[in-house]
Each structure stands twice: as C-alpha cells, then as structure tokens.
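None of the figures in this text is laboratory data; all of them are computed from the coordinates on show. Small disclaimer: the values here were computed from a predicted structure and weren't measured. With ideal geometry, Cβ positions are generated from the backbone for all residues, glycine too; neighbour counts draw on all protein chains shown.
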Amino acid sequence: MPALLSPTTPAVTRPEGVRVRRIPRVIGTDVPVPLRDGGHVPYANFDYAASAPCLEAVQDAVVRALPYYSSVHRGAGYASQVTTGAYEEARETVRSFVGAWRRSAVVFTRNTTDSMNLLAHAVPAGTSVVVFETEHHASLLPWKRAVRLPAPATPAEAISAADRALRSCPIGPRLLVVTAASNVTGELWPIEELARVAHRNGARIAVDAAQLVPHRPLDMTALGLDYVAFSGHKLYAPFGAGVLAGRADWLRAADPYLKGGGASASVGRTTRWAASAEQRHEAGSPNVLGAIALAAACETISPFWNDLAVREEALVDRLRTGLAALPHVQELNLWGGRAPRVGIVSFTVDGWNARDVALTLSEEHGIGIRDGRFCAHPFVRHLAGGDTAVRASLGIGTGEEHVDRLLAALAGLTAR
C-alpha cells in the first residue's frame, strides 16, 4: 500500500513519560454564545475546516505591524521601507514553510480558490488537466480542458487511474490536480506517489494543501510537487491572504492575472509586464497585513507539529469512536475507517436533514458545525447518496469537553 504521509511527516509519536508542550492559543475559545432556552455556554467550534480562528501570535504580529503600515515596493519613506521588508520577509517565511525550491515563485493571493484560478490562467494553451471528482470546487472548476476521474476505491486505485489518464492525454502540457487532505473526509491522499506518476508521464502536479497545512507539515521539494496552494484563513490567519507556490516558468510566461500597477514594468504605446512571477501576478496594493499574518501563523505552528498531531489524533479517535456507538449516525469515508486523516469527520444522521442537525446543535448546545456539500458537490453526492451531510472539523482550540458535548448532543438528537 502506498505511503499516505509525506517523507517529512514522521509517524506521530509521544515517547512514554514525555508530556506534550503547551500548544499555541487561538482567540475566541471561551466566547459565550446564546442558547434557545435563554442560557449561554462557551462556544464549541467544529468548523475549523471552513475558517479557523485567529492565533494569538498572529494577532500580535498584525498589531506590531500596524504602526508602520505603508505602501509596498513604491515608497522611499521609512514606513514604506519597513512594510516592504516585512512583506518580502513573509514571502520567504512561506517559502520555507512549504519547502519550496529557492527559485520557485511564491505568489500571494486571496485564498486557495484564487490560487487555483491563477494557475488555471497561467497554464499554457492546450494543457490537459486531470482531476478527481473528489476535489473541492476550488480545484475542480477552474480548468478549461479537464478530464474528471471518478472517486477511487483505494489509494492504489487513485495512483493507477491518474497514470492511465495522463498516458491517454494528447501530446502537449499536462497537469494533475489533487488534494493533499480531503475537506469532506479528512483522508490523506498519496501525493508523493501521484507526483511520481505525473512526472513519469511528462506532467506537472498541483496540490490543494488547504486542509493539510493546518494539521501537518508539507515539503514540496521532498515530495516533488510542482505547485501548492493554500489559504491563510484555514491556517489561523484570517486576514485575506492565500498562496500559490511553485514553478515559475508558466507564471512568468502568462499575461498578468490582474492588469494594473505593480504588474507593469513600463507603460506607453505598448505595455511591458514585470518579469518576475510575483510582481507579474500581484498587481495593485498587496494585502500586506494578510501576508504578515500568514507568515506569523507559519512560524507559530511549525515548532509544534508533532504535539498538535498527537493531540488531534486523540481527539479524532474520541469523536469517531463515539459516533460509531451512536445508532443512526453514519460516518462518510472514501477509503475506510482506518485510512490516515486529519481532523475532519463528516457524517449523516438517519431521519434528520443536515441543516436541522446543525441548527439544533447550535441553538440547543452552542456547537458550531458545518452542513451541506462543503463546496465538493460531486464527492458528497458519491458518499451520501445525493444527500447533504454534517461536518465536524477540529483544530487548536478544540478540547475533549467539546467532543463530549457534541457526542452527548447527537445522542440526544438520535433518541428523539
């Protein structure tokens, strides 16, 4: 069976007798929310996969930057120089965080969707794209010419299906697009093996890492990934920044994603565009605070990967074991209950509409949970038989008491 974790993601271990260090803190873990009966309880947030709360360290970094906030790349004043330096330093922090090659492009965007649309804009004309129907819409929809593969029954089938599809593509540029961790089931995809398959067939690989990087490290160089996209708002940096990191040649050759100041090297009767991929595709005044926040999140989380993973796996096991004991609750899985995963668990409740489940949990128990098809309509239809589902996603602020409250609330709900 192919390895599902990256070579830079060692098995989660906690030597006996060694205590997990105090992990970083997020804002809002103790915020009170109203209940239908007039009472209040501390909020139990199970919607991290949609948008994660802000890390305290990220808030601190933004507050420190605000007094010096100024223009980027354009001003000679001291504040402008400080802000420009902070912006470019953030780029290097992100480059290190994802293990990108030194000569790779690191383009700041708005989010993962923006990053994937930028890449779709930049691929050469006639590029054949192979993508699984299990993808988030951000990775499923932007491509002009795409072959959609059905949901694979196993990781090995995903690898062989991608191999066959890429071999069948017409002569010309090829791109395989795949998630690193599913936003529906949390299951980890064999991205290292898929990268090898892509390169063996003369293709590149683009990885949606939005749901992986809040939970596990990622090393593009070690894995052989050509492009990686992710969002700050899922990485505890909700200030409107995302990233597309990867090979620069397609990005340098493409027309600017947005045309305007910063993207242009000179403007007259004709326009000459900036040579670097970053300048070419970051037209206008950039989101400096978003970039600084994103870099702060990268720096804050990186020293705690193993501790966070140990803690998360215990919470996920607690939640999944409790769900399995509840009648009428069905967990959604693509590759079975033992497949490695991050802290995302989706399920259905027999006899209950997903929206009613979510509203009841919120109004009666102060639990925030996601319902619907999670911007992955084909995949959820495949798993839930055309129905919608409920998703519980965990993060740094999740505790055992939150998991137990959710399980108790669902037990009461299924008993009605």
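Between helix 354-365 and the chain there is an angle of about 70 degrees, using the helix long axis and the longest principal axis of the Cα atoms. Relative contact order of the chain: 23 percent, from C-alpha pairs under 8 Å at least 6 residues apart in sequence.
Just add up the charged neighbours of Val58: K/R +1, D/E -1, any other residue whose Cβ is under 12 Å from the Cβ of Val58.
Net charge in that neighbourhood comes out at -1.
Cα convex hull, the stretch 57-302: 113 Å³ per residue, rounded to a whole number. Were the residues from His40 through Arg145 laid out at 0.36 nm apart, the gain over their Cα-Cα distance would be 32.7 nm. An ellipsoid equivalent to the chain, defined through the eigenvalues of its Cα gyration tensor, has semi-axes of 36, 28, 19 Å when rounded to whole angstrom and sorted largest first.
Taking the fewest neighbouring Cβ atoms within 10 Å as the starting point, the ordered list for Leu294, Leu176 is Leu176, Leu294. The long axis of helix 78-98 is offset from the longest Cα principal axis of the chain by roughly 60 degrees.
As a length-normalised measure over Cα pairs under 8 Å and 6 or more apart, the relative contact order of the stretch 57-302 settles at 26 percent.
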